[in-house]
Amino acid sequence: MEPFRSNYLVCWPDNRVVAGATREQVGLRTAYNAGGVHEVLSEALRVAPGLASAEIREIRVGLRPATSDQLPVIGSVPSVGGVYLATGMGATGLHLGPFGGKLAANWALGKEPALDIAPFSVERFNLQR
């Protein structure tokens, strides 16, 4: 059997299974649509056909902020002292978020990272006031 393409299944100890997720560029729209639900359910049933009789208890929509270049923003805000960012991780935020949060916390404590985070600086966007 071919593995998941871009979706996932998460199993919980209380016999719940979470299937997800679509990835769309929709701004701040939080409505779900039939096509997206169909995509997620079709892929879940392809991989785990035994879920066909499962009860659907909830459908959720989550926003996963991403940057235009698909790289996270990690580091200080140049014009505001003491402010550090760890955001824009998109769908990988659940995986990368704790690491970004640890970097930001360490900066707040005056500890510099041991790796080069320049590629993730907010300054790459040349934002003007």
Worksheet entry | Estimated FRET transfer efficiency when R0 is 25 angstrom, pair SER42-LEU96 (beta carbons, to 0.05) | 0.35
Worksheet item: Taking the Cα-to-Cβ direction at SER53 and at SER6 and moving 7 Å from each Cα, how far apart do the two end points lie in nm?
Response: 3.4 nm
Worksheet item: When ranked by the protection proxy of mean other Cβ atoms within 10 Å per residue, highest first, what sequence do the peptides 91-100, 11-20 form?
Response: 91-100, 11-20
Worksheet item: Quick one: length gained pulling GLN70 to GLU24 fully straight, 0.36 nm per residue minus the C-alpha distance?
Response: 15.3 nm
Response to the item:
Computed over the chain, the relative contact order (Cα-Cα under 8 Å, seq sep at least six) in percent reads 17 percent
Response to the item:
Rounded to a whole %, the carbon-and-sulfur portion of the accessible area of the chain at a 1.4 Å probe is 58 percent
Response to the item:
The answer for the chain, accessible area per residue at 1.4 Å probe in Å², is 74 Å²
Worksheet item: Across the chain, where is the longest run that never hits GluC sites (Glu not before Pro) in a DSSP loop with at most 15 other C-beta atoms within 10 Å?
Response: 59-129
Worksheet item: Convex hull over the Cα atoms of the chain, averaged projected area in nm²?
Response: 11.2 nm²
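The values are calculated or read from the model by the stated rules, or taken from the named source; none is laboratory data. No experiment lies behind these values; they were computed from the predicted model shown. When we count neighbours, we look across all protein chains shown, and the Cβ atoms used for this are built from the backbone with ideal geometry, even at glycine. Note: areas computed on protein heavy atoms with side chains; ligands, DNA, RNA excluded. Shrake-Rupley method; radii C 1.70, N 1.55, O 1.52, S 1.80 Å.
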